[in-house]
Amino acid sequence: MAMPSFRSMSNARISTNDATAARERRSARRALTPLTTLLLAPLLLLAIGCGDIARLVTPGVRGPQGPAMIAFTANVPRTVASANDVVTLNVTASYVRQDGSRVRIGSQLLTLTTETLQSVPIPVDVATCIADAARDTGGATGTSSCAVVLNLALQVNGVVVDEQVVGPLRLSPGTTETVTQPVTLIDLASVELLQGAGVTIGATETVQAFLGTTTPLSAKVRDTRGQLVTDRAVTWSVDDPAVATINASSGVLTTVAIGTTKVSARIGTLVASAPVRVLRAPAALTISVGTGSGLGKISSTPAGIDCRVVGTTLTGTCSFVFPGDAAISLTSTADAGSVFASWGDACVASAIGTVCQVVMSQARVASASFTALRRFTVSAGGSSDGRGRVTSSAGLDCRLSGGAATGTCAIDVPQGTSVQLTAVGEPLSGSAATLQYFAGWGGDCASANGASCTITAGTANAAITARFVDAQTLSVAIDGGGGGSVTGAGIACTRATGITSGNCSTSALFGSVVTLTAQPDAQSSFSGWTGACIGQTLTCTTTLSQARAVTASFSRRQVQLVMSVSGSGVGALQVTGGTTCALAAGQGSNSCTQSFDAGTTVTLTWSAGPNSSFTGFGGACSGVTTCTLVLNASQGVSASFGARQVSLTLSTSGAGIGTITGSNGLTCTSTSTAPSATCMAQVEIGSQISVSATPGDQSSFDGFGGDCAGRGSCTLTMNTSKSVSANFT
């Protein structure tokens, strides 16, 4: 759509060729009579026939091969100066092509007389035009005509004083075209530029036109008296057609690109010029609004836009027409309780920030949205006795201690924004490093699990509670007669020799699952748990949802002592602090078992009955004295008892040799080298022993001595110790 043009201040210039040309023009004007300003009444075509004119110009050439002829009557000023003034007419012929361009055919310089009315026959050779297939044929086919334009320049003493364009005329070879309009050539003085409906372009003005539009320009030609010459046509031109073009005859200016050029109107040697500035056409900047819940204002620099945004409703000046290519700065200002959300449309490139820059190269729409702020508030949940911290990337940093809250515990968040809250238990600064536990969310985060809660700001404010609990105590006790240890979860509690030592208490996070292990020592066994671990095996698992107390019981491990007594005697085996295992007369053997705490040290002693004797230990003990044992494991001890022993002594004497023998197997023999021998053995008291003597070679038994007498057999009753000797001769 073409936009109307307007003018602004700059220069409009009327120029001649140079100072010399101006002096020549003034001299030529002085040579002309006042008839230069008194144009004759309507001009009449000369009475001379066209054929006569042709013969005058080109005698002897006729028919379609001859040049075309143009006949017109020229009205020229009468000279009153000396006869030396030379008046000439410079005629330049051009033909028109289909694209509107013109091709020069040739020019002629005709000398005029001093007559006011003169016939001017002009021959035009149109052969070049006829040969051009791109010539303007007027829309007819198969024609040999040309559209010819004549440029007539009147010169006095070589100085152009007037210029006029005739045509275009339709010419064919060998024909004559008569110009019926009067062709008046006078002394011109000035050219004045006009715009639109005849508004004069001042000397300091610039023609301003919008890109993509057309602007009609016109010119007023005046003679030396200042009178308006209405039958003169100027030729229009621009110095930069890349910015704007102009129709050479109509003066219609068409803008092409943003920039500056110069437009000129020329007739003869007179030129009037003015600068032309091509601008972008004014365009409207309109504010629109998308989805939003907040309140704010959009304003512009330079002023024009002052638009109020209420949610999705606009009031105020929300559309304004700015000059083309104007740089507009839009600023968003949110009301209290709202925040600017985003730009859109023409401001999409400025989506970050509250200011948007728009260049009005065309009509623009800029959208803006404001969002209402919603408040998130954090407080301590019920039965919260611990300490912790709730944070978020949105600026929340709230410390809770029991029911108290410090720090940034409330933030304003744009509606629709998702915020992640994170809870971490922590001790107070400078306090003991006790563990704190996050026990859960409440309020608008009640459905969240774990230490994180993600909440989206809705149409109302949000209230969130967080519950922290202090560390829970785990205490361990050990009892019983045994020894051992309880370990795990920071516990290392030991009992030995009835004394409990080590780390028997610790603190852990509320809700922690702890595992304790009971380990008896080598002499003990685990009896069981009481308290929080009751009924469990060596390994106990408990949850610290509250303070917990656990007791582990260890007892001494039991081992067995098996005592065996045997023999023909009577006696008993006694354990210190324990029972007695006895062997009765004629019983032969007996076995007794007694249990002791593992590791117990016992001493075993024996006692023999009347006429009995202890013959020795066996098993874990040895010897014939007392036996001391450490019962780390079950053991067996044996003891044997026999009848009490008395001694039987047999000996030889005399000069001879021989052998004395007891029925108990005791034998004693003398030899020639050892003529006397003595042998002794223990025998049970009360036993009957027969004693006999046998002489050796060359010896004879001479009789018993001691407890036996005579030479016959001797039987002894061993109530006491006895001795018998045999004498050999």
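Evaluating S525 against the criteria (1) open to solvent by less than 50 Å² (accessible area, probe 1.4 Å); (2) farther than 30 Å from S612 by Cα; (3) in contact (Cβ under 8 Å) with a residue 60 or more places away in the chain; (4) among the polar types (S, T, N, Q) leaves one unmet condition, (3). Whether a residue is part of a loop (DSSP other than H, G, I, E, B), more than 30 Å from G511 (Cβ to Cβ) and touching a Phe, Trp or Tyr at 6+ places or on another chain (Cβ under 6 Å) was assessed, and G586 does not pass this test. Can you tell me which of (1) within 30 Å of T626 (Cα to Cα); (2) in a strand (DSSP E or B) is the one A522 doesn't meet? With respect to (1) within 30 Å of T626 (Cα to Cα); (2) in a strand (DSSP E or B), A522 is out only on (2).
Which of the residues that make up segment 502-514 are in contact (Cβ under 8 Å) with a residue 24 or more places away in the chain and more than 41 Å from the chain's Cα centre (by Cα)? Those that are in contact (Cβ under 8 Å) with a residue 24 or more places away in the chain and more than 41 Å from the chain's Cα centre (by Cα): C504, S505, T506.
Restricting attention to segment 318-345, which residues are of a type outside the set (A, V, I, L, M, F, W, C) and within 21 Å of T371 (Cα to Cα)?
T331, S332, T333, D335, G337, S338, S342, G344, D345
The residues listed here are G642, G665, G705, G656; of these, the one that is outside any strand (DSSP E or B) and open to solvent by less than 50 Å² (accessible area, probe 1.4 Å) is G656.
Taking segment 445-491 as the range and being hydrophobic (A, V, I, L, M, F, W, C), open to solvent by 30 Å² or more (accessible area, probe 1.4 Å) and closer than 30 Å to G292 by Cα as the test, the residues that pass are A446, A460, A463.
When G535 is tested against the conditions (1) more than 25 Å from L435 (Cβ to Cβ); (2) assigned to a strand (DSSP E or B), the lone failure is (2). Taken together, the criteria place G442 among residues that are in a strand (DSSP E or B) and either modelled with pLDDT of 90 or more or exposed (fewer than 15 other Cβ atoms within 10 Å of the Cβ) (or both). The sole residue among S447, S485, S501, S475 that is small (G, A, S) and more than 30 Å from T517 (Cβ to Cβ) is S447. The set of residues in segment 532-556 that are under 21 Å from G481 (Cβ atoms) and touching a residue at least 40 places away in the same chain (Cβ under 8 Å) comprises V550, T551, A552, S553, F554, S555, R556. Across segment 668-686, the qualifying residues are those that are in a strand (DSSP E or B) and open to solvent by less than 30 Å² (accessible area, probe 1.4 Å), and the one among them that is nearest to R711 (Cα to Cα) is C668.
Name the residues in segment 124-150 that are surrounded by 19 or more Cβ atoms within 10 Å (Cβ to Cβ) and assigned to a strand (DSSP E or B), would you? Passing the criteria: V124, R135, C146, A147, V148, L150.
So that you can scan it fast, the table gives a plain yes or no per residue for (1) without any contact (Cβ under 8 Å) to a residue 60 or more places away in the chain; (2) under 23 Å from G292 (Cβ atoms); (3) of a type in the set (A, V, I, L, M, F, W, C); (4) surrounded by 23 or more Cβ atoms within 10 Å (Cβ to Cβ):
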residue	(1), (2), (3), (4)
F370	no, yes, yes, yes
T377	no, no, no, no
G382	no, no, no, no
V390	no, no, yes, yes
A404	yes, no, yes, no
T408	yes, no, no, no
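Counting only strands (runs of 3 or more DSSP E) that sit wholly inside segment 221-273, those with at least 3 residues that are touching a strand residue (DSSP E or B) at 6+ places or on another chain (Cβ under 7 Å) and under 22 Å from N151 (Cβ atoms) are 235-238, 259-267. Applying a threshold of 7 Å to beta carbon distances and a minimum spacing of six or more residues, or different chains, the list of pairs starting in segment 613-627 at a residue that is more than 15 Å from V575 (Cα to Cα) and part of a strand (DSSP E or B) and ending at one that is open to solvent by 80 Å² or more (accessible area, probe 1.4 Å) and of a type in the set (D, E, K, R) reads S613/R644. Taken over segment 300-337, the residue count meeting the criterion of being in a strand (DSSP E or B) and either closer than 30 Å to R277 by Cα or open to solvent by less than 20 Å² (accessible area, probe 1.4 Å) (or both) is 13.
A residue that is open to solvent by 20 Å² or more (accessible area, probe 1.4 Å), without any contact (Cβ under 8 Å) to a residue 60 or more places away in the chain and not aliphatic (A, V, I, L, M) occurs nowhere in segment 273-281. Looking at segment 358-366, can you tell me whether even one residue there is open to solvent by less than 20 Å² (accessible area, probe 1.4 Å), touching a helix residue (DSSP H, G or I) at 6+ places or on another chain (Cβ under 7 Å) and closer than 26 Å to D325 by Cβ? Checked segment 358-366: no residue is open to solvent by less than 20 Å² (accessible area, probe 1.4 Å), touching a helix residue (DSSP H, G or I) at 6+ places or on another chain (Cβ under 7 Å) and closer than 26 Å to D325 by Cβ. Restricted to segment 687-699, and to residues there that are open to solvent by 30 Å² or more (accessible area, probe 1.4 Å) and in contact with a strand residue (DSSP E or B) (Cβ under 7 Å, 6 or more places away or on another chain), the residue that is farthest from V646 (Cα to Cα) is P695. Taken as a whole, the structure places Q436 among residues that are in contact with a Pro (Cβ under 9 Å, 6 or more places away or on another chain), touching a residue at least 40 places away in the same chain (Cβ under 8 Å) and of a type outside the set (A, V, I, L, M).
Scanning segment 585-606 for residues being among the small types (G, A, S) and at pLDDT 90 or above gives a total of 2.
For segment 695-729, filtering for residues that are over 15 Å from S663 (Cα atoms), in contact with an Asp or Glu (Cβ under 6 Å, 6 or more places away or on another chain) and of a type in the set (K, R) leaves 0. One residue stands out among those in segment 236-268 that are more than 59 Å from the chain's Cα centre (by Cα), among the hydroxyl-bearing types (S, T, Y) and modelled with pLDDT of 90 or more: the one that is least open to solvent (accessible area, probe 1.4 Å), which is S264.
The conditions of being in a strand (DSSP E or B) and closer than 30 Å to G609 by Cα are not met by T720.
The values are calculated or read from the model by the stated rules, or taken from the named source; none is laboratory data. These numbers were taken from a predicted model, which means no experiment stands behind them. Virtual Cβ from ideal backbone geometry, glycine too; neighbours counted across all protein chains shown. For accessibility, only protein heavy atoms count, side chains too; no ligands or nucleic acids. Shrake-Rupley method; radii C 1.70, N 1.55, O 1.52, S 1.80 Å.
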